[in-house]
1. Mind ranking His117, His28 by accessible surface for me, highest first, 1.4 Å probe?
2. Using a Cα-Cα cut-off of under 22 Å, which lysines could be cross-linked to Lys69, ignoring same-chain neighbours fewer than 8 residues away?
3. How large is Rg over Rh for the stretch 13-73, taking Rg from the Cα atoms and Rh as the Kirkwood inverse mean of 1/r across Cα pairs?
4. For the stretch 1-71, what's the relative contact order in percent, using C-alpha pairs closer than 8 Å and at least 6 residues apart?
5. Which net charge results when you count Lys and Arg as +1 and Asp and Glu as -1 among the other residues whose beta-carbon is under 14 Å from that of Glu68?
6. Leaving out ligands, DNA and RNA, and with a 1.4 Å probe, what % of the accessible surface on the chain is carbon or sulfur?
7. Report the local net charge at Ala90: Lys and Arg +1, Asp and Glu -1, summed over other residues whose C-beta lies under 13 Å from its C-beta.
8. Can you give the Kirkwood hydrodynamic radius of the stretch 50-99 from its Cα pairs, in Å with one decimal?
Amino acid sequence: MRFTENRELILDVLKKAKVPLTVEEIKHTLKYSVDTSTVYRALNFLEKKQYIDSASFGRNIRFFFCSEKFKHFLFCDKCNRIEVFDDCFAGALEQKINENYNFQIESHVLYFRGLCHDCRNKNKEEV
């Protein structure tokens, strides 16, 4: 399969994104109308070719992100806000997994679910 214009456009949207995006957010960002099935096919291709990754954060909604850009997330269960962080504490864990399980790790995605600062403050106000 070739790298079509739609695939290039979608990859560019994800490269410029500050956080992972849903299909609807990707469609909204594109300047011209692309049907949903085209977006899904492009995302499927890009993920198979390892240009992008996706995560569901324990939800039915998938979020897509550029593989080389993001790997670590904080996800708010209440407002669905995603924060990206760069600190990676997985190096020692990866080495231990390799030693104990003879498993060569090629990539990882780490996320924590909980409540963001704003949602925690709203919960305190409601009580």
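The values are calculated or read from the model by the stated rules, or taken from the named source; none is laboratory data. Here the structure is a predicted model, which means the values were calculated and not measured. No Cβ is skipped: glycine too gets one built from the backbone with ideal geometry, and neighbour counts run over all protein chains shown. Just so you know, the surface numbers come from the protein's heavy atoms only, side chains and all, with ligands and any DNA or RNA stripped out. Shrake-Rupley method; radii C 1.70, N 1.55, O 1.52, S 1.80 Å.
1. On the way: His117 105, His28 155 Å².
Listed by decreasing accessible area, they come as His28, His117.
2. Partners within reach: Lys15, Lys16, Lys18, Lys27, Lys48, Lys49.
3. On the way: Rg = 11.0 Å, Rh = 11.8 Å.
When Rh is taken as the Kirkwood radius, the ratio is 0.93.
4. On the way: 78 pairs, mean separation 25.8, N = 71.
Relative contact order here is 36 percent.
5. Working: positive: Lys15, Lys16, Lys49, Lys69, Lys71; negative: Asp12, Glu47, Asp53, Asp86, Glu106.
Net of charged neighbours comes to 0.
6. Values: 4390 of 8940 Å².
Taking all protein chains in place, the chain shows 49 percent carbon and sulfur surface.
7. Charge balance near Ala90 sits at -2.
8. Working: mean 1/r = 0.0796 Å⁻¹.
By the Kirkwood definition, the hydrodynamic radius is 12.6 Å.
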